[in-house]
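Engineer: What follows is a structure written as structure tokens; I'll ask about it next.
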Amino acid sequence: MGPVLNGLMKLQSVENRLRAEKAKLNRCRRNVIIQENLIRNLQSALEAKKEEAQLTKVQFDRLELELKSREETIAKLRTSLNSAKTNKEYAALLTQLNTTKADNSKIESQSLDLLKDIETDETECKDILKQIEEQKQTLEQTRKDSEALVIKYQANIDEIQAEWNQIAQDVPRNPLEIFKRVAETYDGLAVTFVEQQQGRDGVYSCGGCFMGLPAESVNMLMTKDEIIRCPNCTRILVIDETQISC
């Protein structure tokens, strides 16, 4: 390979290291965001649970008022029962009294169920609050760890970027622009080796997309220091002459 392709190969090696460090930096920052999102989700769950508990309390209070009103009705029925003048009137009042008592029993049962629901909601709220506090502690530690790592990774990135810039100065402008465009398309993997199928001379494929390549392209790479791109994936092709036979 000539100086152009050699330069692109060096640039590819540095590009790989640069993107690896940037990925570490992004993961580091993303860990903080993940922890923050967990807290927000827990806070949303807490608000929803509080609202649910409040609605249950409203239902409970409504039933309690209804029970109080019905108890007053029962008291009046008992008074009327004691002053009934005929058996028919007595029987009617007794039926009404028993019906009201039965209805009250159902309402009391509903109230007890609602009370249990309120207690369950309050317990769940306490559990969520505990989780939020624990998650806040985890977030604080994650932030501390992240701040130290960010400084480290950013220093590595700056150092590798300086190396990238130095190598790029020796690469002609047009090949460099092609490298940048292809690198953006394939997450930094702009340059790939030509591969020869084992035991088959003259049969080649792209190391990036594994599609077949014409022998002429390989011959040109063997003799010329210029960019040849895979017709399928458009990556920049290079050859390892120790692994390729024409």
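Engineer: Has the range 158-173 got any residue that is in the same structural domain as Asp61 (by TED's automatic domain parsing) and over 30 Å from Val4 (Cβ atoms)?
Structural biologist: no
Engineer: Select, from Thr95, Thr138, Thr100, Thr86, the only residue that is among the β-branched types (Val, Ile, Thr) and within 35 Å of the chain's Cα centre (by Cα). Can you show your working first?
Structural biologist: Values: Thr95 fails: within 35 Å of the chain's Cα centre (by Cα); Thr100 fails: within 35 Å of the chain's Cα centre (by Cα); Thr86 fails: within 35 Å of the chain's Cα centre (by Cα).
Exactly one residue qualifies, and that residue is Thr138.
Engineer: With respect to Ala45, determine if the residue is in the same structural domain as Asp158 (by TED's automatic domain parsing) and more than 30 Å from Thr185 (Cβ to Cβ). Write out each step before concluding.
Structural biologist: Values: in the same structural domain as Asp158 (by TED's automatic domain parsing): yes; more than 30 Å from Thr185 (Cβ to Cβ): yes.
Against the criterion (in the same structural domain as Asp158 (by TED's automatic domain parsing) and more than 30 Å from Thr185 (Cβ to Cβ)), Ala45 qualifies.
Engineer: Let me confirm something: among Ala92, Ala45, which residue is small (Gly, Ala, Ser), closer than 30 Å to Ile128 by Cβ and assigned to a helix (DSSP H, G or I)? Reasoning before the result, please.
Structural biologist: Details: Ala92 fails: closer than 30 Å to Ile128 by Cβ.
The unique qualifying residue is Ala45.
Engineer: Look at Leu25 and say whether it is assigned to a helix (DSSP H, G or I), outside the structural domain of Gln141 (by TED's automatic domain parsing) and under 30 Å from Ile236 (Cα atoms). Lay out the reasoning, then the answer.
Structural biologist: Details: assigned to a helix (DSSP H, G or I): yes; outside the structural domain of Gln141 (by TED's automatic domain parsing): no; under 30 Å from Ile236 (Cα atoms): yes.
Taking the combined requirement at face value, the residue does not satisfy it.
Engineer: Let me ask something additional. Being under 30 Å from Thr192 (Cα atoms) and loosely packed, with under 14 Cβ neighbours inside 10 Å is the filter here, so list the residues in the range 24-37 that pass it.
Structural biologist: Narrowing the range 24-37 to residues under 30 Å from Thr192 (Cα atoms): 24-28.
Residues satisfying the conditions are Asn26, Arg27.
Engineer: Count, please, the residues in the range 17-31 that happen to be in contact (Cβ under 8 Å) with a residue 12 or more places away in the chain and either within 17 Å of Ala148 (Cβ to Cβ) or in contact with a helix residue (DSSP H, G or I) (Cβ under 8 Å, 6 or more places away or on another chain) (or both). Write out each step before concluding.
Structural biologist: Just the residues of the range 17-31 that are in contact (Cβ under 8 Å) with a residue 12 or more places away in the chain, to begin with: 17-19, 21-22, 24-25, 28-29, 31.
In the following step, the residues that additionally are either within 17 Å of Ala148 (Cβ to Cβ) or in contact with a helix residue (DSSP H, G or I) (Cβ under 8 Å, 6 or more places away or on another chain) (or both) were identified as 17-18, 21-22, 24-25, 28-29, 31.
Residues meeting the conditions: 9.
Engineer: Considering Arg40, Arg62, Arg78, which residue is free of Cβ contacts under 8 Å to residues at least 60 places away in the same chain, surrounded by fewer than 15 Cβ atoms within 10 Å (Cβ to Cβ) and within 30 Å of Ile132 (Cα to Cα)? If you could, list the steps in order and put the result at the bottom.
Structural biologist: Details: Arg62 fails: within 30 Å of Ile132 (Cα to Cα); Arg78 fails: within 30 Å of Ile132 (Cα to Cα).
Of Arg40, Arg62, Arg78, the one residue that is free of Cβ contacts under 8 Å to residues at least 60 places away in the same chain, surrounded by fewer than 15 Cβ atoms within 10 Å (Cβ to Cβ) and within 30 Å of Ile132 (Cα to Cα) is Arg40.
Engineer: Of everything in the range 92-113, what is out of contact with any Lys or Arg (no Cβ under 6 Å at 6 or more places or on another chain), under 30 Å from Ala53 (Cβ atoms) and of a type outside the set (A, V, I, L, M, F, W, C)? Give them in sequence order.
Structural biologist: Asp103, Ser105, Lys106, Glu108, Ser109, Gln110, Ser111, Asp113
Engineer: Could you please find all residues in the range 146-156 being free of Cβ contacts under 8 Å to residues at least 24 places away in the same chain and either within 22 Å of the chain's Cα centre (by Cα) or not in a helix (DSSP H, G or I) (or both)? First the steps, then the outcome.
Structural biologist: Step one: list which residues in the range 146-156 are free of Cβ contacts under 8 Å to residues at least 24 places away in the same chain, which gives 147-148, 151-152, 155.
Of everything in the range 146-156, just one residue is free of Cβ contacts under 8 Å to residues at least 24 places away in the same chain and either within 22 Å of the chain's Cα centre (by Cα) or not in a helix (DSSP H, G or I) (or both), namely Glu147.
Engineer: Related question: Within the range 186-206, take every residue that is assigned to a loop (DSSP other than H, G, I, E, B) and under 36 Å from the mean Cα position of the chain (by Cα) and give me the one that is surrounded by the fewest Cβ atoms within 10 Å (Cβ to Cβ).
Structural biologist: Restricting attention to the range 186-206, the residues satisfying the condition of being assigned to a loop (DSSP other than H, G, I, E, B) are 186-190, 197-203.
With the extra rule that they be under 36 Å from the mean Cα position of the chain (by Cα), the set shrinks to 186-190.
Numbers: Tyr186: 15, Asp187: 10, Gly188: 18, Leu189: 18, Ala190: 23.
Looking at residues that are assigned to a loop (DSSP other than H, G, I, E, B) and under 36 Å from the mean Cα position of the chain (by Cα), I get Asp187.
Engineer: Can Leu114 be described as surrounded by 14 or more Cβ atoms within 10 Å (Cβ to Cβ), in contact (Cβ under 8 Å) with a residue 40 or more places away in the chain, assigned by TED's automatic domain parsing to the domain that holds Ser44 and on the phi < 0 side of the Ramachandran plot? Before the answer, list the steps.
Structural biologist: On the way: surrounded by 14 or more Cβ atoms within 10 Å (Cβ to Cβ): yes; in contact (Cβ under 8 Å) with a residue 40 or more places away in the chain: yes; assigned by TED's automatic domain parsing to the domain that holds Ser44: yes; on the phi < 0 side of the Ramachandran plot: yes.
Spelling it out, Leu114 is indeed surrounded by 14 or more Cβ atoms within 10 Å (Cβ to Cβ), in contact (Cβ under 8 Å) with a residue 40 or more places away in the chain, assigned by TED's automatic domain parsing to the domain that holds Ser44 and on the phi < 0 side of the Ramachandran plot.
Engineer: Restrict the check to the range 131-151 and report whether at least one residue is more than 25 Å from Gln43 (Cα to Cα), surrounded by 15 or more Cβ atoms within 10 Å (Cβ to Cβ) and out of contact with any strand residue (DSSP E or B) (no Cβ under 8 Å at 6 or more places or on another chain).
Structural biologist: yes
Engineer: If only one of Asp127, Asp121 is assigned by TED's automatic domain parsing to the domain that holds Gln54, more than 23 Å from Leu67 (Cα to Cα) and surrounded by fewer than 15 Cβ atoms within 10 Å (Cβ to Cβ), which one is it?
Structural biologist: Answer to the check: Asp127.
The values are calculated or read from the model by the stated rules, or taken from the named source; none is laboratory data. Computed from a predicted structure; not experimentally measured. Positions of Cβ are backbone-derived with ideal geometry, glycine not excepted, and every protein chain shown enters the neighbour counts.
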